[in-house]
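The values are calculated or read from the model by the stated rules, or taken from the named source; none is laboratory data. Because the structure is predicted, anything quoted here is derived from the model rather than measured. Every residue, glycine among them, receives a Cβ derived from its backbone with ideal geometry; neighbour counts consider all protein chains shown.
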Amino acid sequence: MIRAAAGIRPGHVAVSLCLAASLLAGYGAAGRPVPVPEDLRGGRTFHVSPQGDDHADGRTPETPWRTLRRADAERLQPGDRLLLEGGARFPGSLSIGRGEGGSAGRPVVLDSYGGGRAVIMSAGSRGIEVHNTSGVVIRNLIVTGDAASYGSNDGIAFVSDLPGDRKLPHLRVTGVDVSGFRNGIRLHGGAGASGFRDVVIHDCAVHDNRDAGLVTDGPAFDADAPAYAHEQVTVSRVVAFANRGDPRAHHRNTGNGIVLGSVRDGVVEESVAHDNGRSSSAIADEGPVGIWTYDSTRMVIQRNVAHGNRTGSWVDGGGFGLDNNVSYSLVQYNLSYGNDGPGFQMYSAAPNTAHTDNAIRYNISRDDCRKLQDYGGIVVFGSHVGNVALYQNTVLVTANGAVRAPALRLRPSLGAVSVRNNVFATDGAPVVVAQKAFETAEVLMQGNDYHSPRGWTLWWGERGYADLAAWRAGTGQETQGPRATGTDADPCLVDAALPADRPGLRTDGPEGGALVSRCAHALTAAAVDLRAVGIDPGPVDYFGTPLTGSPGVGAAQAGPEA
């Protein structure tokens, strides 16, 4: 899932990391925007309760309206609040259209009052729609759809079809639960790249939808004149699960967890995507992924977990992905395990050079490719894929019956791909499968650990190797000038719990899957100094341990010695 420009030097990947750092610099400590206080002075407050009366004024809890139909007839202005009685159920839907809405300081707020969250029950329609306006906060609500909504409607939809490249500012969605729709939450941009800016979706659950839990999209991508519908989008602490897919959608992907398309400057963090995609089409030529992005630039995907994601066909079904036309983006500190497809996938099918300057670092993939051995724990492939840096990752793949995938798979056509300081381990399958005998200008591998308990093997084009020295001599890989790099030492991988500072990543499923090396220090001599080759090693390892000097091999640097 990556597109890149061939011919750019590997050192240029460092540019993506600088841009990622500048992207995060405008955000709070956890990577999300610093909140702007809401000034509700001058706004009106309306209440809705099943015990209310649509002929009342709605202005107090004692004089509420009764139906969403009455509430939807009111034109909401800056600072207005529409509150639904917590714990009550309301058939129907709500909409905020052009001429309504608010601003960052005085938004229109949809919320619950009293105890618990109100439930909006939609029948064959969207639950909440915001159309060609913004300055809207939606929080503390449950939105459910019926069978008709599941087939054709979005649960919470933000839609812009205004002319021109116009970005409507300030949207907030927090504390909502959305299920039973085609897409749970959707941001949709117009043909002229109109869309939304300054968007935060936080602490939400999107589940049991058909196509995706959360999705953003925009116009068709033009590599000669890139334009993005949405800007400054932050997704944090979102749980996307059981978004099953459409078994009849044979020509598109369905069953995704979180997918951001047509975004400039986006962050997905501290989120979980699990058990999605199970019912996607069995004959589709593209499939679902837990968390991924496409047609986007300056994206950061960090500190997330993706596990148990499926595909109904023989493609995709992985944990994380960078797809067509992604540039200057960073995937770091994520955990992937038990997915049908790869843990981390870089792919491009677009015949252009728009996919460039991306990096995947400090991630863990454990026991991915449970169904599809033609991938790997990490896989890079597609047309014009290049300018990729893969470093400081830990990948362990064990067999699932007859399914025996490699830790790393590289497919043509690649250029300027560097693979450094990773742990690649299997329980018998080849640790690396390169489906072309890449020259070092196309793929350069340095400082990696290759291990399998009964002796490792590696395929480089048509030739297999079982000896590191022979591979070095035959290909020039795992060398740095006169120095031999890399190792085949046992990394002594053991289970480790998720970091204690990630409570948002807890799920009902297993929390394990993270791996740490008990022999990390024994691998240090095999690593390369990343700064010496123009790559920023980053401030911390997977577990948040500060880095001093150049890191050793793998995602975690602080494992106890055996």
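Go through the range 222-235 and give me each residue that's part of a strand (DSSP E or B) and surrounded by fewer than 24 Cβ atoms within 10 Å (Cβ to Cβ). The answer is E231, Q232, T234. Within the range 111-118, not a single residue is crowded, with 17+ Cβ neighbours inside 10 Å and farther than 14 Å from G86 by Cβ.
Table: residues versus (1) farther than 25 Å from D368 by Cβ; (2) in a helix (DSSP H, G or I); (3) basic (K, R).
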residue	(1), (2), (3)
L515	no, no, no
A522	yes, yes, no
A525	yes, yes, no
D529	yes, no, no
D536	yes, no, no
Y542	no, no, no
G549	yes, no, no
G552	no, no, no
Q557	no, no, no
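Number of residues in the range 44-88 that are of a type outside the set (A, V, I, L, M, F, W, C), farther than 18 Å from S122 by Cβ and crowded, with 19+ Cβ neighbours inside 10 Å equals 8.
To keep it simple, each residue is scored yes or no on (1) of a type in the set (D, E, K, R); (2) without any contact (Cβ under 8 Å) to a residue 40 or more places away in the chain; (3) assigned to a loop (DSSP other than H, G, I, E, B); (4) closer than 23 Å to N304 by Cα.
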position: C369; (1), (2), (3), (4): no, yes, yes, yes
position: V380; (1), (2), (3), (4): no, no, no, yes
position: L396; (1), (2), (3), (4): no, no, no, yes
position: F424; (1), (2), (3), (4): no, no, no, yes
position: E439; (1), (2), (3), (4): yes, yes, yes, no
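Surrounded by fewer than 18 Cβ atoms within 10 Å (Cβ to Cβ), in contact with a helix residue (DSSP H, G or I) (Cβ under 8 Å, 6 or more places away or on another chain) and not polar (S, T, N, Q): does that describe A489? The answer is yes for A489. Are any residues in the range 134-182 of a type in the set (V, I, T) and either free of Cβ contacts under 8 Å to residues at least 12 places away in the same chain or within 23 Å of G86 (Cβ to Cβ) (or both), and if so, which ones? Once the filter is applied, which keeps residues that are of a type in the set (V, I, T) and either free of Cβ contacts under 8 Å to residues at least 12 places away in the same chain or within 23 Å of G86 (Cβ to Cβ) (or both), the range 134-182 yields V136, V137, I138, I142, V143, T144, I156, V173, T174, V176, V178.
Residues are listed down the side, and each one gets a yes or a no for (1) at negative phi; (2) exposed (fewer than 12 other Cβ atoms within 10 Å of the Cβ); (3) at pLDDT 90 or above:
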residue: W456; (1), (2), (3): yes, no, yes
residue: T485; (1), (2), (3): yes, no, yes
residue: A496; (1), (2), (3): yes, no, no
residue: P499; (1), (2), (3): yes, no, no
residue: V516; (1), (2), (3): yes, no, no
residue: A532; (1), (2), (3): yes, yes, yes
residue: A562; (1), (2), (3): yes, yes, no
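For the range 119-132, a residue qualifies if it is farther than 13 Å from G92 by Cβ and surrounded by fewer than 23 Cβ atoms within 10 Å (Cβ to Cβ), and the qualifying residues are H131, N132.
Going by what's in this entry, would R411 be described as without any contact (Cβ under 8 Å) to a residue 40 or more places away in the chain, of a type in the set (K, R) and closer than 20 Å to D275 by Cα? Answer is no for this residue. For the range 237-250, give me each residue that is buried (at least 24 other Cβ atoms within 10 Å of the Cβ) and among the small types (G, A, S). Matches in the range 237-250: A240, G245.
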